[in-house]
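Accompanying notes for the structure given below.
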Amino acid sequence: MAIYFNEENRHFYLESKDVSYVFRINRIGFAEHLYFGNRIGRENMEYMQSIGAGSTYAQMPGERNQCYSFYNPEICFYGTGDYREPTVMVKNPQGDRLCRLHYIGHDIIDTKPRVKGMPSLSGGQTLILHLEDELTRFGADLYYTVYEDAPVIVRRIVYKNNSQNDLILDRAYSFALSLPNKDYDILTLCGSWANERQMQYTKLNRGVVSIDSKRCTSSAVLNPFIAAVSHGTTEEQGEVIGVNLVYSSSYILKAERNPDGKGMLCGGINDFDFEWHLAPGEELEAPEAVIAYSDKGLGEMSRAFHDVYRDHLINPRYVNAKRPIVINNWEGTAFNFDSQKIIDMAKAVKGLGIDTFVLDDGWFGRRDDDTSSLGDWFVYEDKLPGGLKPVIDAVHENGMRFGLWFEPEMISEDSELYRAHPDYAIGVPGRVRCTSRRQYMLDLTRKEVRDYIVDSVNKVLEENEIDYVKWDYNRNVTDNYSLELAPERQKEFAHRYALGLYDICERIVNGNPDIFFEGCAGGGARFDPAMLYYFPQIWTSDNTDAEDRTRIQYGTSICYPLSTMSCHVSAIPNHQSRRSCSMRTRGDIAHLGATGYELDTTLLTDEEKEAIKEQIIAYKEFSHLILSSDLYRTENPFEGNFFGFNIVAKDKSEAVFTCYRRHKVEEQVKFVYPRGLDPEKKYYIPERDVTLSGATIMNAGLQPWYPHTDFASYVFHFKEVK
C-alpha cells in the first residue's frame with residue numbers, strides 16, 4: 001500500500017492491494033487520469049495522454065496544440081471544451097457557470113480523515129489533491145484512499161469557497177473515473193418492494209446510462225451501485241470496475257461513452273432539485289465512492305467490497321460478533337397481540353436455540369393498525385398492561401434477549417405528536433400533504449425535530465432492558481420542503497435530510513453501544529453502505545419466500561457481505577408470494593445470512609419445533625463463516641433453474657456449499673462445481689462420507705441429492721483433513 005508522487009513528471013501513483021491508480025498533473029495544470037487496473041510499475045505514463053480530434057473537442061484553455069485537445073480528467077469542468085458530464089457546476093457572482101480547477105498542491109497523510117457529518121470508511125494513507133479556480137478562487141479537494149487488504153480506491157471531493165463572494169453549487173458529484181476504450185456492459189441492481197436488487201445489464205453505447213433516486217433514500221428501485229463490466233464477463237473471468245456510493249439520500253450514478261469510444265463513470269448527490277449555497281469560507285463534503293477493480297470476474301469484485309466493508313466500514317464491535325438468532329412476531333401476529341400472546345410465543349420456542357425475541361410494530365401509542373401513533377414512543381398500556389417490563393421479564397425467563405421495533409423518522413396524523421406539532425411533518429404550508437402507508441415523515445432537517453426523536457427513543461431504551469432494536473423506514477419523502485430553510489435554500493432539502501438522519505443515528509445508535517441495531521426500510525429499500533456504518537445487518541426484503549430470496553440475496557451479495565443480510569424462515573404459504581417451500585429449503589436459504597424466524601410460534605407442531613432446533617444447531621456450527629468468509633457464487637438464479645453459494649473460510653480450511661433447484665425436471669442429472677477451495681488440500685465431506693482433494697471437488701463436481709419436489713435445497717460441508 002503506497003501513495004507516491006514523482007515531482008519530475010508530476011505523476012501520482014496510488015497502490016492498493018494488487019492494483020495501481022495513476023494520474024498526473026498535465027501542462028495545463030489539470031489532473032489527468034492515466035490508468036486504473038492491475039498493479040504496474042511506477043513508470044512514466046505520459047505516453048497515455050489522449051489525442052483528440054479538433055472537430056470534436058475544443059482546445060483546452062491555454063493549449064496551443066490543436067491535436068492535444070482532449071484529456072481524461074479526474075474532475076470534469078463545464079465550459080472548457082470537455083462535453084462529458086461535469087463533476088461540478090457552480091454559479092459565479094457574474095452569472096457564468098464556469099470553473100477551471102488547477103492544481104495548487106497536495107498532501108499525503110497516514111490516516112484517512114472522516115467525512116464530516118456522514119458515514120465513511122476508515123483507512124490509512126490518503127492523498128488530498130488541492131485544486132482551485134484562479135479567477136473565482138472556488139476550490140475542490142480530491143481525496144483518494146488506498147488499502148493494502150482490498151483492491152479498492154475510496155474517493156470523495158470537498159468543495160470550498162475560498163473567495164469573498166457567495167457561490168451556488170448546481171452539481172457536486174463525488175468522483176469522475178475515466179474508462180479505457182473497451183466493450184463494456186453496465187451492471188446495476190434494480191427492483192421494487194419485495195423484489196430488491198435484481199441484476200440488470202445495459203450495453204454501454206455512445207451516450208449516458210444513468211441510475212438515480214429522487215426519494216431522499218437510496219431506494220429499492222435502484223441501489224447506489226454501478227459497474228462497468230467487460231463484455232462476456234463471468235464470475236471468474238473478465239474485467240470489472242464497480243462503484244458503490246456511501247450515501248442514503250437522493251443520488252445519481254452515470255456511465256458515459258464518448259464519440260472516440262472512451263468512457264467514464266461519475267456520480268454522487270443527485271443534482272435534480274439540488275442547489276447548495278456556499279458563503280465565503282464554507283465547504284460542502286460530498287459522500288464517498290468506493291471503487292473496486294477486478295480482472296477475475298464479478299466474484300473477485302464482490303469479495304473486494306465484502307472485505308473492505310467488514311474491515312473498514314461496519315462497526316468493529318459487531319462486525320465479527322455472533323449474530324442474534326431472532327424470533328420476530330410480525331408475520332405471526334401483525335398488530336393483533338397483547339402481553340399474554342407475546343409471552344406465549346416466547347415460551348413456545350424455549351430450548352430451540354433462538355436467543356432473541358423482537359416485538360415488532362404495535363406496542364406504542366394507541367397503535368392497533370397502521371393509521372395512528374407513529375411518533376408517540378410510549379407504551380400502549382391497554383395492550384401491554386404494566387408496560388414492557390412484564391413481557392421483557394418473561395422473555396428473559398425463557399432464556400432470550402429482548403428486542404423492540406421503532407420507526408423513528410415517521411409521524412401519524414392521528415398521534416399526540418402531530419396534534420401538538422403538525423409542523424414537524426414534512427410539507428408545504430397551505431398544501432395537503434401526500435400520505436404513503438397512511439403516514440407522514442418528520443422533517444429531519446430541523447434540530448428540534450431531531451432532538452424530539454432522540455430524546456423519546458432514548459427514553460424507552462434507557463427505561464427498559466432492551467438488547468436489540470429493529471429500525472424501520474416504510475415510505476419515501478414527498479412534499480420536499482422545510483420550515484427551517486429559506487426559500488432560496490429549499491433545494492438543499494434532500495441532502496440535509498441525509499445529514500439529519502446521520503445525526504440521529506449517531507445519537508441513538510452510537511449513543512447506545514451495547515444495543516444491537518438492525519436496519520430496515522419496508523424491507524430492503526435503504527440497503528446501502530452508509531446504513532451499514534450504523535447497522536451491521538439490514539432486513540434484506542419483506543419477501544421471505546425462499547425461491548424469491550435466492551435472487552434477492554444473490555443480487556445483494558454483488559456488493560454486500562452475507563453477514564449484513566437478515567434472512568428469516570417464515571410460515572407457509574408465504575405471506576408475500578403465497579408459495580410453499582419445505583422447512584428444509586426455507587432454513588437452508590435463510591442460513592445464508594443472519595438468520596431468524598418470522599411466524600407464530602404458538603402454532604408450531606412438535607415436528608416443526610424439532611426441525612427448528614436441528615436447523616439452529618446446524619447453523620451455529622458454520623455461522624462463523626457467514627461473518628468473515630469469502631463468497632463464491634456458482635449457479636446464477638437469474639439465468640437458470642439453479643442457485644449456488646460456496647462460503648469458504650479465509651484460510652480455506654472449511655466451507656459450506658448451499659445449492660438449490662427451482663423446478664424438478666424429470667431425468668435431469670445436475671452436478672455442482674464448488675469454487676474457492678484449495679486444490680491441494682484434502683476435504684472430508686460428511687454428506688458423502690468421503691475425503692477428496694479440493695481439485696477433485698471443484699473439477700469433477702458433486703451431485704446434490706435433492707428431494708423429489710420443486711424448490712429443493714441441498715447443503716455440502718467441506719472440512720480440511722490434515
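The values are calculated or read from the model by the stated rules, or taken from the named source; none is laboratory data. Computed from a prediction, not measured in an experiment: that's the story for all the values here. Here Cβ is always computed from backbone atoms with ideal geometry, including for glycine, and neighbour counts include all displayed protein chains.
Pairs meeting the criteria (first residue in the stretch 611-632 and under 22 Å from Tyr554 (Cβ atoms) and without any contact (Cβ under 8 Å) to a residue 60 or more places away in the chain, second residue of a type in the set (Asp, Glu) and assigned to a helix (DSSP H, G or I), beta carbons under 9 Å, at least 6 apart or on different chains) are Gln615/Asp588. The residue list Ile314, Ile269, Ile291 contains one member that is more than 14 Å from the chain's Cα centre (by Cα) and β-branched (Val, Ile, Thr), which is Ile269.
Filtering Tyr184, Tyr201, Tyr173 for residues that are closer than 28 Å to Glu639 by Cα and buried (at least 21 other Cβ atoms within 10 Å of the Cβ) leaves a single hit, Tyr184.
Residues that are among the hydrophobic types (A, V, I, L, M, F, W, C): which helices (runs of 4 or more DSSP H) entirely in the stretch 466-566 hold 3 or more of them?
Details: elements: 493-508, 529-534, 546-556.
Because the criterion is at least 3 residues that are among the hydrophobic types (A, V, I, L, M, F, W, C), the helices (runs of 4 or more DSSP H) in the stretch 466-566 that meet it are 493-508, 529-534.
Of everything in the stretch 171-200 that is among the aromatic types (Phe, Trp, Tyr) and assigned to a strand (DSSP E or B), the residue that is modelled with the lowest pLDDT is Tyr184. When the stretch 211-246 is examined, which residues are found to be surrounded by fewer than 18 Cβ atoms within 10 Å (Cβ to Cβ) and not in a loop (DSSP other than H, G, I, E, B)? Listed by number, the list holds a single entry, Ser230. Here Val449, Val477, Val469 are screened, and the one residue that is touching a His at 6+ places or on another chain (Cβ under 9 Å) and surrounded by 18 or more Cβ atoms within 10 Å (Cβ to Cβ) is Val449. Taken together, Gly124, Gly105, Gly95 contain a single residue that is modelled with pLDDT under 95 and farther than 24 Å from His277 by Cβ, which is Gly124.
Is there a residue in the stretch 278-290 that is farther than 30 Å from Phe138 by Cα and in the same structural domain as Val115 (by TED's automatic domain parsing)? No, because not a single residue in the stretch 278-290 is farther than 30 Å from Phe138 by Cα and in the same structural domain as Val115 (by TED's automatic domain parsing). Scanning the stretch 664-705 for residues that are assigned to a helix (DSSP H, G or I), surrounded by fewer than 16 Cβ atoms within 10 Å (Cβ to Cβ) and hydrophobic (A, V, I, L, M, F, W, C) yields Ala695, Ala700. Residue-level check: of (1) under 23 Å from the mean Cα position of the chain (by Cα); (2) over 30 Å from Lys664 (Cα atoms), Met565 misses just (2).
Taking the listed residues Gly399, Gly365, Gly375, the one that is out of contact with any Leu (no Cβ under 8 Å at 6 or more places or on another chain) and at pLDDT 95 or above is Gly399, with no other qualifying. Taking the numbered list (1) hydrophobic (A, V, I, L, M, F, W, C); (2) surrounded by 13 or more Cβ atoms within 10 Å (Cβ to Cβ); (3) farther than 22 Å from Asp307 by Cβ in turn, Leu631 passes all entries but (3).
When the residues of the stretch 98-112 are filtered to those that are under 32 Å from the mean Cα position of the chain (by Cα) and outside any loop (DSSP other than H, G, I, E, B), the one that is surrounded by the most Cβ atoms within 10 Å (Cβ to Cβ) is Leu101. Within the stretch 452-465, being closer than 16 Å to Asn510 by Cβ and surrounded by 13 or more Cβ atoms within 10 Å (Cβ to Cβ) holds for Ile453, Val454, Val457, Asn458, Leu461.
Of all residues in the stretch 425-440, those that are more than 11 Å from Leu374 (Cβ to Cβ) and in contact (Cβ under 8 Å) with a residue 40 or more places away in the chain total 8.
Only a single item in (1) crowded, with 24+ Cβ neighbours inside 10 Å; (2) of a type in the set (D, E, K, R); (3) in contact (Cβ under 8 Å) with a residue 40 or more places away in the chain is not met by Asp545, and it is number (3). Can you tell me which residue in the stretch 136-154 is nearest to Asp307 (Cα to Cα), limited to those that are surrounded by fewer than 22 Cβ atoms within 10 Å (Cβ to Cβ) and under 24 Å from the mean Cα position of the chain (by Cα)? For the stretch 136-154, the residue satisfying everything is Asp149. The residue of the stretch 113-135 that is surrounded by the fewest Cβ atoms within 10 Å (Cβ to Cβ), among those that are touching a residue at least 60 places away in the same chain (Cβ under 8 Å) and under 18 Å from Met531 (Cβ atoms), is Gly117. Quick one: what pairs do we get from the stretch 449-475, first residue within 18 Å of Glu416 (Cα to Cα) and charged (D, E, K, R), second at pLDDT 95 or above and part of a strand (DSSP E or B), C-beta under 9 Å, 6+ apart or different chains? Here the result reads Arg450/Leu442, each pair linking the stretch 449-475 to a residue that is at pLDDT 95 or above and part of a strand (DSSP E or B). Tyr103: of a type in the set (Phe, Trp, Tyr) and more than 23 Å from Ile269 (Cβ to Cβ), yes or no? Considered against the rule, which asks whether it is of a type in the set (Phe, Trp, Tyr) and more than 23 Å from Ile269 (Cβ to Cβ), Tyr103 comes out as yes.
All told, Lys722 meets the bar of being free of Cβ contacts under 8 Å to residues at least 60 places away in the same chain, surrounded by fewer than 14 Cβ atoms within 10 Å (Cβ to Cβ) and touching a Lys or Arg at 6+ places or on another chain (Cβ under 9 Å).
If the condition is being crowded, with 17+ Cβ neighbours inside 10 Å and either assigned to a strand (DSSP E or B) or not basic (Lys, Arg) (or both), then the stretch 6-17 contributes His11, Phe12, Tyr13, Leu14, Glu15, Ser16.
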